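Novice: Structure provided below as structure tokens; questions to follow.
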Amino acid sequence: MLLISVPLTSFIRFTRPHTIIATTIQVLGLFILSGGVEQTSAEFSIALLIAVISCLAVNIYIVGLNQLADIEIDRINKPNLPLASGAITINQGRWIVALSGLIALLVSATQGPYLFITIIIAFIIGTIYSVPPFHLKRFPIAAALCIAFVRGFVSNIGLYRHFWQVFNSDTALSLPRDAALPWLSILTLSFFFFGFGLVIALYKDIPDIAGDQQFGIRTFTVRVGPERVFEVGRWLLTLFYIVPVTLVLNDFGRPANITLIAAHLVALLFFWRKSFAVQPADGASMTRFYLILWGLFYVEYIILSLRQIVS
């Protein structure tokens with residue numbers, strides 16, 4: 001009855017929709033990048049569905065656990081969140097988090113080692129990020145690395161390896177040699193999203209400076225101020241955009257690579273253009289820009305997936 005009484009709109013806000021969209025697009029993108037467009041069997045559609053369910057469940061576990069740990073801080077920083085506003089009770093939040101974690105672990109355990117290990121690592125990092133005695137959110141470097149490591153290396157390498165195993169199992173049709181990206185490309189992609197995750201982690205804390213200061217959470221924003229953190233993030237993301245573009249220049253002659261370079265440069269120019277209108281010390285302004293950053297995260301997987309389909 002506790003869960004049945006949770007309003008749907010409150011549940012959706014509890015799941016932090018921008019992260020749900022990101023996880024869904026990330027799983028779909030890696031399915032395509034690992035050779036999913038070559039597969040037509042229902043078996044592979046089921047494998048994709050199970051991966052989406054597992055990843056969304058662990059996503060809800062992580063963001064929900066963070067909200068349970070930060071109710072008092074969120075009443076200052078994000079008063080409209082369901083737990084902070086009282087739209088969802090603490091007991092309801094605990095049930096949602098517990099069931100989501102259980103679903104993530106049980107469902108992924110049925111799919112072989114790589115998906116299960118990916119979920120386990122994300123589960124553990126998400127737990128120690130929010131929960132005492134670790135509560136790594138208190139330490140800015142550790143907190144940023146948690147987010148970046150999961151979004152960058154764990155998710156990309158783990159899911160790519162999982163889908164590769166599914167497509168090349170004894171019961172599956174063998175993939176054409178060039179159906180999936182080479183491992184060097186996956187490592188480059190992981191490095192790029194690791195950098196993207198670092199910037200997301202930095203920018204996430206900028207609008208939350210008031211509550212973090214009051215509760216002694218010494219984020220980079222609290223230590224050096226929103227303007228300086230914003231500027232560091234801007235140049236850091238620029239660096240991580242330029243690196244893959246530089247690598248692709250080695251094979252500039254391919255039409256797909258020319259398109260990829262152009263798309264990255266357009267995304268980077270869009271990021272810079274929008275950044276000039278931001279006032280980092282204004283929480284509302286920074287929150288809007290933070291969601292634009294997530295939009296660029298989505299777009300990146302869409303670009304890479306389209307390139308894989310047409311190449």
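The values are calculated or read from the model by the stated rules, or taken from the named source; none is laboratory data. Quick caveat: nothing in here was measured; it's all calculated off a predicted structure. Methodologically, a virtual Cβ is constructed for each residue, glycine included, from the backbone with ideal geometry; neighbour enumeration extends over all protein chains shown.
Novice: So which residues in the range 82-109 are β-branched (Val, Ile, Thr) and within 14 Å of residue 63 (Cβ to Cβ)?
Specialist: 88, 96, 97
Novice: Quickly run through the range 222-234 and pick out the residues that are small (Gly, Ala, Ser) and either assigned to a loop (DSSP other than H, G, I, E, B) or surrounded by fewer than 19 Cβ atoms within 10 Å (Cβ to Cβ) (or both).
Specialist: Within the range 222-234, 225 is the sole residue that qualifies.
Novice: Quick one: residue 46 ticks every box in (1) modelled with pLDDT of 95 or more; (2) part of a helix (DSSP H, G or I); (3) not charged (D, E, K, R) except a single one, so which number is it?
Specialist: Result: residue 46 fails condition (1) only.
Novice: What are the pairs with Cβ atoms under 6 angstrom where one residue, in the range 92-106, is under 13 Å from residue 65 (Cβ atoms) and the other, located anywhere, is at pLDDT 95 or above and surrounded by fewer than 20 Cβ atoms within 10 Å (Cβ to Cβ)? Sequence gap at least six, or different chains.
Specialist: 93/68
Novice: Kindly check whether there is at least one residue in the range 161-170 that is of a type in the set (Gly, Ala, Ser) and in contact with a Ser or Thr (Cβ under 8 Å, 6 or more places away or on another chain).
Specialist: So far as the range 161-170 goes, no, none of its residues is of a type in the set (Gly, Ala, Ser) and in contact with a Ser or Thr (Cβ under 8 Å, 6 or more places away or on another chain).
Novice: Which one is nearest to residue 295 (Cα to Cα), of the residues in the range 202-221 that are in a helix (DSSP H, G or I) and touching a Gly at 6+ places or on another chain (Cβ under 9 Å)?
Specialist: Applying the filter and picking the extreme gives 203.
Novice: Separate question: Of the residues 99, 83, which is surrounded by 20 or more Cβ atoms within 10 Å (Cβ to Cβ), modelled with pLDDT of 95 or more and either of a type in the set (Val, Ile, Thr) or within 19 Å of residue 131 (Cβ to Cβ) (or both)?
Specialist: 83
Novice: Output the residues belonging to the range 205-237 that are under 21 Å from residue 270 (Cα atoms) and without any contact (Cβ under 8 Å) to a residue 40 or more places away in the chain.
Specialist: Listed by number, the residues that qualify are 228, 231, 232, 233, 235.
Novice: Kindly indicate whether any position in the range 11-27 is modelled with pLDDT under 95 and crowded, with 19+ Cβ neighbours inside 10 Å.
Specialist: no
Novice: I've got another one for you. Return the residues of the range 107-153 that are part of a helix (DSSP H, G or I) and farther than 21 Å from residue 97 by Cα; say none if nothing qualifies.
Specialist: 113, 114, 138, 140, 141, 142, 144, 145, 148, 149, 152, 153
Novice: Determine the pairs where a residue that is free of Cβ contacts under 8 Å to residues at least 12 places away in the same chain, located within the range 277-295, has a partner that is surrounded by 18 or more Cβ atoms within 10 Å (Cβ to Cβ) with Cβ atoms under 7 Å apart, the partner being 6 or more residues away or on another chain.
Specialist: 285/278
Novice: Have a look at 237, 260, 189 and point out the one that is surrounded by 15 or more Cβ atoms within 10 Å (Cβ to Cβ) and modelled with pLDDT under 85.
Specialist: Result of the check over 237, 260, 189: 260.
Novice: Please state which one of 44, 123 is under 21 Å from residue 11 (Cβ atoms), touching a helix residue (DSSP H, G or I) at 6+ places or on another chain (Cβ under 7 Å) and surrounded by fewer than 22 Cβ atoms within 10 Å (Cβ to Cβ).
Specialist: That would be 123, the only listed residue that is under 21 Å from residue 11 (Cβ atoms), touching a helix residue (DSSP H, G or I) at 6+ places or on another chain (Cβ under 7 Å) and surrounded by fewer than 22 Cβ atoms within 10 Å (Cβ to Cβ).
Novice: Hey, another quick one. Please verify whether the range 68-82 includes one or more residues that are of a type in the set (A, V, I, L, M, F, W, C) and free of Cβ contacts under 8 Å to residues at least 60 places away in the same chain.
Specialist: Within the range 68-82, one or more residues are of a type in the set (A, V, I, L, M, F, W, C) and free of Cβ contacts under 8 Å to residues at least 60 places away in the same chain.
Conditions tested, residue by residue: (1) of a type in the set (A, V, I, L, M, F, W, C); (2) in a loop (DSSP other than H, G, I, E, B).
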{"site": "50", "(1), (2)": "yes, no"}
{"site": "54", "(1), (2)": "no, no"}
{"site": "57", "(1), (2)": "yes, no"}
{"site": "61", "(1), (2)": "no, no"}
{"site": "67", "(1), (2)": "no, no"}
{"site": "72", "(1), (2)": "no, no"}
{"site": "76", "(1), (2)": "yes, no"}
{"site": "84", "(1), (2)": "yes, no"}
{"site": "88", "(1), (2)": "yes, yes"}
